[in-house]
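Chemist: Next up is a structure, given as structure tokens.
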Amino acid sequence: MAATAASTMSAAAAVTRRINAALRVDATSGDVAAGADGQNGRRSPVAKRVNDGGGGKDDVWVAVDEKDVCGARGGDGAARPPLFRTYKVKGSILHPYRFLILLRLIAIVAFFAWRVRHKNRDGAWLWTMSMVGDVWFGFSWVLNQLPKLSPIKRVPDLAALADRHSGDLPGVDVFVTTVDPVDEPILYTVNTILSILAADYPVDRYACYLSDDGGTLVHYEAMVEVAKFAELWVPFCRKHCVEPRSPENYFAMKTQAYKGGVPGELMSDHRRVRREYEEFKVRIDSLSSTIRQRSDVYNAKHAGENATWMADGTHWPGTWFEPADNHQRGKHAGIVQVLLNHPSCKPRLGLAASAENPVDFSGVDVRLPMLVYISREKRPGYNHQKKAGAMNVMLRVSALLSNAPFVINFDGDHYVNYSQAFRAPIQIKAMDIANKFGSSTSFVGTMLDGANQERSITPLAVLDESVAGDLAALTACAYEDGTSWGRDVGWVYNIATEDVVTGFRMHQQGWRSVYASVEPAAFRGTAPINLTERLYQILRWSGGSLEMFFSHSNALLAGRRLHPLQRVAYLNMSTYPIVTVFIFFYNLFPVMWLISEQYYIQRPFGEYLLYLVAVIAMIHVIGMFEVKWAGITLLDWCRNEQFYMIGSTGVYPTAVLYMALKLVTGKGIYFRLTSKQTTASSGDKFADLYTVRWVPLLIPTIVIMVVNVAAVGVAVGKAAAWGPLTEPGWLAVLGMVFNVWILVLLYPFALGVMGQWGKRPAVLFVAMAMAVAAVAAMYVAFGAPYQAELSGVAASLGKAAAASLTGPSG
């Protein structure tokens, strides 16, 4: 049982091969390799440290023998050293881990056998339901456990990478997607772009593309500001080898180990750049009001107009503040603007320090990578396919402008945490061209060149009319009509988790992926910290997983090229929400204890509870082993367990319900855009944590909490009324352990729905203690005298249900 609940998460940006017009393959999923320095022709100190210490913790990982790892062969037939060093978990940890898995498997089988021998005939319907749930629990646990039986870690070998490429790294196109500058604060987006522009990669070998699917002038002018500030920020990063290269995250760090070559100039440069960054943030925050004021002035000069105006005095072709025909959400022209053109192939050194230029960049290459703003055309009557459609448009546009053989995609709230993250080992193969990519001959002609790396990123002298016309055609809504885009070409459509399904399609075709790990983490990002927004996010993910299972991308239907463990992993990923339906009802079972003394799921109840404690405890012990090599803390693991239970009591069952409705009605599922932290530029970065946004999604978990608090109160009342040493008393206490454990797991949810009161956890404990005491007192006063009568009624209902299940005798 694991789910992600951290407010800052490692963002696994997808490194993608432009094959079949970029059907997706994950070459690395997170951390990648580093090689020779692309800017100054030297190895950076960061790269050296990673290369020297990539093996991880010596008490967990051990290197696999080199002869067991198959390396590529050079032109002379001699074996090349592998690009990755492979590590496996030490046997002293792995063998006990596997033994515990086997022991738990035996315990589960014994548990099922015991339950079958002790069938509860007084509540046969309840017993049958719980048995089905337990079987599914066991099945899903096996699915989850099988891919983890032999954990390995691969660390890029920087020396081998440098020898293999000799400084000639492949071209990379970096995609960033955003939609709404309110739900996705624009400060996150500009930091993402700045961290990409400052990446330690040959500047003439990569380009950055921003897809603004809302078509807002705010995003475009923010990119104009980014292009200006990057002229200072990027050379500063190169001069002083700063990490990370997202300015917001860099300036938030209290201490930084210096890795540059001019420490004497760091403090003065740091103060200057930070002052400029603060002014840059002010301009970014005021963009909306600036554009409105400018538009009001222009509209006053043009009577009858209510347009949104650009700085050059022309209408913005995208969406306007005041919607108008052809200038509104879902109906506007396509836009492609090159903000920073291709750099030249030769380094261009900056200027020495002067009164006008106080930062000395005389020994620094000040070239900037290509930066392009894209907003695709939107028209009524077209299904624009959300993020997947925007990604496919970027694939086509980038093919004409830069045509790199590989792409990396980011969300607007991710950033490059390690500047050498783009340096990844690459297996290159040719591709086939089919008549399914659309009518643009210019675009189709770029694909083979890109796959074979026959064309480097070179400057365009001018964006002539023919290229501009092709770009307009490639961003048009109708371009994909009658083509294979969204099915066999590009990112897959009609599913909420388009990235997972696209990766699955590539694995299904036989492509292999490698997960590489370095320190520091290559990419990071931001998750919503508001409870409601976080639940909506995992609702979209879990709903998309179920959509994948009930589609042609079902792992059970994949061909023979899919590795057996990959098949198991995809099957587990696409079915995990189903098990939570049983968890939800298990958490509601204490309702019956409120009306009956002897209404139990299984008899003998005490032995049943001991079995449950054993199998649950064993899965947590197994989790402790996984924590040891996963690189997370025990607190992280506990939070994951808590958030999994929060999701299991509301979000995941809701996703199952949505999927059932889709199967019945045939209508798709609408998942709203997750709103990130809206106070990104305010003083209180945790303000959203204490904001309550009431939605129906919160109700099921609240009901579970109320039921279990009441069950604890009844258990306390039974122990007080009957005595803790009597059978009813000690069974009530045993059952209460389950209820208390559920409440512990739901503790973060309780704090979340308390809003500002969540800052005072003592209030929650006092309120729950008072509620338990009140329920216990009511049970002692009113419940105990009537339990015998209620128990008789419940037993009769159980016998009637059993008769209906078994049918008439002989």
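Chemist: From the residues in region 390-404 that are surrounded by 24 or more Cβ atoms within 10 Å (Cβ to Cβ) and over 22 Å from L194 (Cα atoms), which one is modelled with the lowest pLDDT?
Modeler: The residue in question is A399.
Chemist: Does any residue of region 514-524 turn out to be small (G, A, S), at pLDDT 90 or above, open to solvent by 10 Å² or more (accessible area, probe 1.4 Å) and farther than 26 Å from V695 by Cβ? I'd like the intermediate steps shown before the answer.
Modeler: The first filter runs over region 514-524 and keeps only residues small (G, A, S), leaving 516-517, 521-522.
With at pLDDT 90 or above added as a condition, the list becomes none.
So far as region 514-524 goes, no, none of its residues is small (G, A, S), at pLDDT 90 or above, open to solvent by 10 Å² or more (accessible area, probe 1.4 Å) and farther than 26 Å from V695 by Cβ.
Chemist: Filter region 525-559 for residues that are among the aliphatic types (A, V, I, L, M) and either under 30 Å from R423 (Cβ atoms) or modelled with pLDDT under 85 (or both) and give the result.
Modeler: The answer is A527, I529, L531.
Yes/no per residue for (1) more than 20 Å from the chain's Cα centre (by Cα); (2) closer than 17 Å to A311 by Cβ; (3) in contact (Cβ under 8 Å) with a residue 40 or more places away in the chain:
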| position | (1), (2), (3) |
| --- | --- |
| L187 | no, no, yes |
| I196 | no, no, yes |
| D204 | yes, no, yes |
| A207 | yes, no, yes |
| G214 | yes, no, yes |
| A222 | yes, yes, yes |
| K239 | yes, no, yes |
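Chemist: With open to solvent by less than 30 Å² (accessible area, probe 1.4 Å) and either aliphatic (A, V, I, L, M) or modelled with pLDDT under 85 (or both) as the only criterion, which of L751, L764 stands out? So that I can check it myself, show each step before the final result.
Modeler: Values: L751 fails: open to solvent by less than 30 Å² (accessible area, probe 1.4 Å).
Only one candidate qualifies: L764.
Chemist: Same structure, new question: Among residues belonging to region 259-289 that are free of Cβ contacts under 8 Å to residues at least 40 places away in the same chain and among the hydroxyl-bearing types (S, T, Y), point out the one that is least open to solvent (accessible area, probe 1.4 Å).
Modeler: S286
Chemist: Residues that are free of Cβ contacts under 8 Å to residues at least 40 places away in the same chain: list the helices (runs of 4 or more DSSP H) wholly contained in region 530-617 that include at least 1 such residues. Walk me through it before giving the result.
Modeler: Details: elements: 531-549, 564-588, 590-593.
By residue number, 531-549, 564-588.
Chemist: Still on this structure, I have one more. Among the residues of region 668-713, what is the count of those that are outside any helix (DSSP H, G or I) and either at pLDDT 70 or above or under 30 Å from N739 (Cβ atoms) (or both)?
Modeler: Residues flagged as outside any helix (DSSP H, G or I) and either at pLDDT 70 or above or under 30 Å from N739 (Cβ atoms) (or both) within region 668-713 amount to 5.
Chemist: Which condition does Y209 not pass, out of (1) under 18 Å from H384 (Cβ atoms); (2) assigned to a helix (DSSP H, G or I), if it passes all the others?
Modeler: (2)
Chemist: Do we have any residue at all in region 528-551 that's farther than 16 Å from P577 by Cβ, in contact with a strand residue (DSSP E or B) (Cβ under 9 Å, 6 or more places away or on another chain) and of a type in the set (D, E, K, R)?
Modeler: No, every residue in region 528-551 fails to be farther than 16 Å from P577 by Cβ, in contact with a strand residue (DSSP E or B) (Cβ under 9 Å, 6 or more places away or on another chain) and of a type in the set (D, E, K, R).
Chemist: Select from region 365-381 the residues that are closer than 30 Å to R329 by Cα and either free of Cβ contacts under 8 Å to residues at least 40 places away in the same chain or not small (G, A, S) (or both) and list them in ascending order. Please lay out each step first, then the result.
Modeler: Initial filter on region 365-381 (closer than 30 Å to R329 by Cα): 370-381.
Of everything in region 365-381, those that are closer than 30 Å to R329 by Cα and either free of Cβ contacts under 8 Å to residues at least 40 places away in the same chain or not small (G, A, S) (or both) turn out to be M370, L371, V372, Y373, I374, R376, E377, K378, R379, P380, G381.
Chemist: Something else about it: How many residues are modelled with pLDDT of 55 or more and surrounded by 14 or more Cβ atoms within 10 Å (Cβ to Cβ) when one looks only at region 781-804?
Modeler: 3
Chemist: Could you give me the residue pairs with C-beta distances under 6 Å whose first residue belongs to region 493-510 and is surrounded by 21 or more Cβ atoms within 10 Å (Cβ to Cβ), whose second residue is of a type in the set (S, T, N, Q) and modelled with pLDDT of 85 or more wherever it lies, and which are 6+ apart or on separate chains?
Modeler: Short answer, once both residue conditions are applied: V501/S553; F504/S553; H507/Q566.
Chemist: Here's a follow-up. Would it be correct to say that R117 is open to solvent by 50 Å² or more (accessible area, probe 1.4 Å) and over 14 Å from S150 (Cβ atoms)? Show your work before the answer.
Modeler: Details: open to solvent by 50 Å² or more (accessible area, probe 1.4 Å): yes; over 14 Å from S150 (Cβ atoms): yes.
Yes, satisfied.
Chemist: Looking at V372, V338, which is the one that is open to solvent by less than 40 Å² (accessible area, probe 1.4 Å), outside any loop (DSSP other than H, G, I, E, B), farther than 17 Å from P181 by Cβ and not aromatic (F, W, Y)? Show your work before the answer.
Modeler: On the way: V338 fails: open to solvent by less than 40 Å² (accessible area, probe 1.4 Å).
Of the residues listed, the single one that is open to solvent by less than 40 Å² (accessible area, probe 1.4 Å), outside any loop (DSSP other than H, G, I, E, B), farther than 17 Å from P181 by Cβ and not aromatic (F, W, Y) is V372.
Chemist: Out of everything in region 323-335 that is in contact with a helix residue (DSSP H, G or I) (Cβ under 9 Å, 6 or more places away or on another chain) and part of a loop (DSSP other than H, G, I, E, B), what residue ends up being surrounded by the most Cβ atoms within 10 Å (Cβ to Cβ)?
Modeler: G334
Chemist: Are there any pairs with C-beta distances below 7 angstrom linking a residue in region 122-148 that is within 14 Å of V615 (Cα to Cα) and open to solvent by 50 Å² or more (accessible area, probe 1.4 Å) to a residue that is assigned to a helix (DSSP H, G or I) and not polar (S, T, N, Q), with the two at least 6 apart or on different chains, and if so which?
Modeler: F137/V579; F137/F582
Chemist: Would you please list the contacts, defined by Cβ atoms under 6 Å and residues six or more apart or on different chains, that run from a residue in region 334-348 that is touching a residue at least 24 places away in the same chain (Cβ under 8 Å) and polar (S, T, N, Q) to a residue that is open to solvent by less than 70 Å² (accessible area, probe 1.4 Å) and outside any loop (DSSP other than H, G, I, E, B)?
Modeler: Q337/Y373
Chemist: For region 161-185: of the residues being within 19 Å of the chain's Cα centre (by Cα) and open to solvent by 10 Å² or more (accessible area, probe 1.4 Å), which is nearest to R423 (Cα to Cα)?
Modeler: T177
Chemist: If we keep just the residues of region 375-389 that are open to solvent by 10 Å² or more (accessible area, probe 1.4 Å) and in contact with a His (Cβ under 9 Å, 6 or more places away or on another chain), which is nearest to V489 (Cα to Cα)?
Modeler: The selected residue is R376.
Chemist: If the requirement is being on the phi > 0 side of the Ramachandran plot, among the small types (G, A, S), at pLDDT 80 or above and in a loop (DSSP other than H, G, I, E, B), which of these qualifies: G438, G510?
Modeler: Working: G438 fails: at pLDDT 80 or above.
Exactly one of G438, G510 is on the phi > 0 side of the Ramachandran plot, among the small types (G, A, S), at pLDDT 80 or above and in a loop (DSSP other than H, G, I, E, B), namely G510.
The values are calculated or read from the model by the stated rules, or taken from the named source; none is laboratory data. This is a predicted model, so every value here is computed, not measured. FYI the Cβ positions are ideal-geometry reconstructions off the backbone, even for glycines, and counts take in every protein chain you see. Heads up: the accessible areas ignore ligands, DNA and RNA and are worked out on the full protein's heavy atoms, side chains in. Shrake-Rupley method; radii C 1.70, N 1.55, O 1.52, S 1.80 Å.
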